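Report on the following structure.
The values are calculated or read from the model by the stated rules, or taken from the named source; none is laboratory data. Keep in mind the model is a prediction, meaning the values are calculated, not measured. Note that we place each Cβ from the backbone using ideal geometry, even for glycine, and neighbour counts take in every protein chain shown. Heavy atoms of the whole protein, side chains included, go into the accessibility calculation; ligands, DNA and RNA do not. Shrake-Rupley method; radii C 1.70, N 1.55, O 1.52, S 1.80 Å.
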Amino acid sequence: MEKKHKWTDQECIIVCTVFRNEIIKSHKSIEFAVVQIKNQCPDLKTSSIRMKIANTVAICDEVGIEHYCGPTNLTHYSQQHRRAFKEVFGV
(Lines give C-alpha, C1' and ligand atoms only; values in the text may rest on other atoms or scores of the structure.)
Protein backbone atom coordinates (compact mmCIF):
# COMPACT_ATOMS: atom_id res chain seq x y z
CA MET A 1 0.00 0.00 0.00
CA GLU A 2 1.27 3.41 -0.95
CA LYS A 3 2.05 5.81 1.87
CA LYS A 4 -0.22 8.89 2.07
CA HIS A 5 1.55 12.19 1.49
CA LYS A 6 1.81 14.48 4.52
CA TRP A 7 1.45 18.02 3.23
CA THR A 8 3.90 20.64 4.48
CA ASP A 9 2.93 24.20 5.34
CA GLN A 10 5.04 25.41 2.41
CA GLU A 11 3.26 23.12 -0.07
CA CYS A 12 -0.11 24.46 1.09
CA ILE A 13 1.16 28.01 0.68
CA ILE A 14 2.35 27.20 -2.85
CA VAL A 15 -1.08 25.82 -3.79
CA CYS A 16 -2.84 28.91 -2.41
CA THR A 17 -0.36 31.28 -4.05
CA VAL A 18 -0.62 29.64 -7.47
CA PHE A 19 -4.42 29.55 -7.14
CA ARG A 20 -4.52 33.27 -6.34
CA ASN A 21 -2.01 34.33 -8.99
CA GLU A 22 -2.90 32.02 -11.87
CA ILE A 23 -6.57 31.18 -11.44
CA ILE A 24 -8.06 34.23 -9.75
CA LYS A 25 -5.83 37.04 -11.04
CA SER A 26 -4.80 35.68 -14.46
CA HIS A 27 -7.89 33.55 -15.22
CA LYS A 28 -5.76 30.52 -16.13
CA SER A 29 -7.15 27.00 -16.04
CA ILE A 30 -6.92 24.53 -13.19
CA GLU A 31 -4.76 22.38 -15.46
CA PHE A 32 -2.33 25.28 -15.88
CA ALA A 33 -2.23 25.76 -12.10
CA VAL A 34 -1.57 22.05 -11.53
CA VAL A 35 1.46 22.21 -13.85
CA GLN A 36 2.76 25.30 -12.04
CA ILE A 37 2.40 23.58 -8.65
CA LYS A 38 4.04 20.38 -9.99
CA ASN A 39 6.98 22.49 -11.19
CA GLN A 40 7.52 23.72 -7.63
CA CYS A 41 6.58 20.47 -5.87
CA PRO A 42 7.48 17.63 -8.25
CA ASP A 43 6.87 14.89 -5.67
CA LEU A 44 3.17 15.73 -5.32
CA LYS A 45 0.62 13.61 -7.17
CA THR A 46 -1.67 15.39 -9.58
CA SER A 47 -4.72 13.98 -7.78
CA SER A 48 -3.48 15.40 -4.46
CA ILE A 49 -2.89 18.80 -6.03
CA ARG A 50 -6.40 18.78 -7.50
CA MET A 51 -7.82 17.96 -4.07
CA LYS A 52 -5.95 20.90 -2.49
CA ILE A 53 -7.22 23.17 -5.27
CA ALA A 54 -10.75 21.98 -4.49
CA ASN A 55 -10.06 22.76 -0.81
CA THR A 56 -8.98 26.25 -1.84
CA VAL A 57 -12.18 26.70 -3.88
CA ALA A 58 -14.23 25.65 -0.83
CA ILE A 59 -12.49 28.24 1.34
CA CYS A 60 -12.95 30.93 -1.33
CA ASP A 61 -16.67 30.12 -1.38
CA GLU A 62 -16.81 30.23 2.41
CA VAL A 63 -15.15 33.66 2.67
CA GLY A 64 -16.73 35.17 -0.46
CA ILE A 65 -13.74 35.39 -2.79
CA GLU A 66 -14.81 35.20 -6.43
CA HIS A 67 -13.16 32.59 -8.62
CA TYR A 68 -13.89 30.93 -11.94
CA CYS A 69 -13.67 27.26 -11.00
CA GLY A 70 -17.29 26.37 -10.52
CA PRO A 71 -18.67 24.80 -7.37
CA THR A 72 -16.93 22.17 -5.30
CA ASN A 73 -18.63 19.46 -3.32
CA LEU A 74 -15.95 19.52 -0.64
CA THR A 75 -16.98 20.76 2.75
CA HIS A 76 -13.94 19.78 4.82
CA TYR A 77 -10.36 20.97 4.62
CA SER A 78 -7.42 20.88 7.01
CA GLN A 79 -6.71 23.69 9.43
CA GLN A 80 -3.19 23.66 7.99
CA HIS A 81 -4.63 24.56 4.57
CA ARG A 82 -6.90 27.20 6.09
CA ARG A 83 -3.88 28.82 7.75
CA ALA A 84 -1.99 28.81 4.43
CA PHE A 85 -5.03 30.37 2.72
CA LYS A 86 -5.21 33.05 5.39
CA GLU A 87 -1.51 33.82 4.97
CA VAL A 88 -1.75 34.11 1.18
CA PHE A 89 -5.15 35.82 0.89
CA GLY A 90 -5.10 37.80 4.12
CA VAL A 91 -8.56 36.59 5.20
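Details
- Scanning region 72-87 for residues that are more than 12 Å from the chain's Cα centre (by Cα) and either at pLDDT below 95 or among the hydrophobic types (A, V, I, L, M, F, W, C) (or both) yields THR72, ASN73, LEU74, THR75, HIS76.
- Answer residue from region 3-53, given it is among the polar types (S, T, N, Q) and open to solvent by 70 Å² or more (accessible area, probe 1.4 Å) and is farthest from ARG82 (Cα to Cα) among those: ASN39
- Residues in region 67-81 that are more than 16 Å from VAL18 (Cβ to Cβ) and either open to solvent by less than 50 Å² (accessible area, probe 1.4 Å) or touching a residue at least 40 places away in the same chain (Cβ under 8 Å) (or both): GLY70, THR72, LEU74, TYR77, SER78, GLN80.
- Take the conditions (1) touching a residue at least 40 places away in the same chain (Cβ under 8 Å); (2) acidic (Asp, Glu); (3) assigned to a loop (DSSP other than H, G, I, E, B); ASP43 misses just one of them, which is (1).
- Among the residues listed as VAL63, VAL88, the single one being among the β-branched types (Val, Ile, Thr) and out of contact with any Lys or Arg (no Cβ under 8 Å at 6 or more places or on another chain): VAL63
- Residues of region 1-40 that are under 14 Å from TYR68 (Cα atoms) and not in a helix (DSSP H, G or I): SER26, HIS27, LYS28, SER29.
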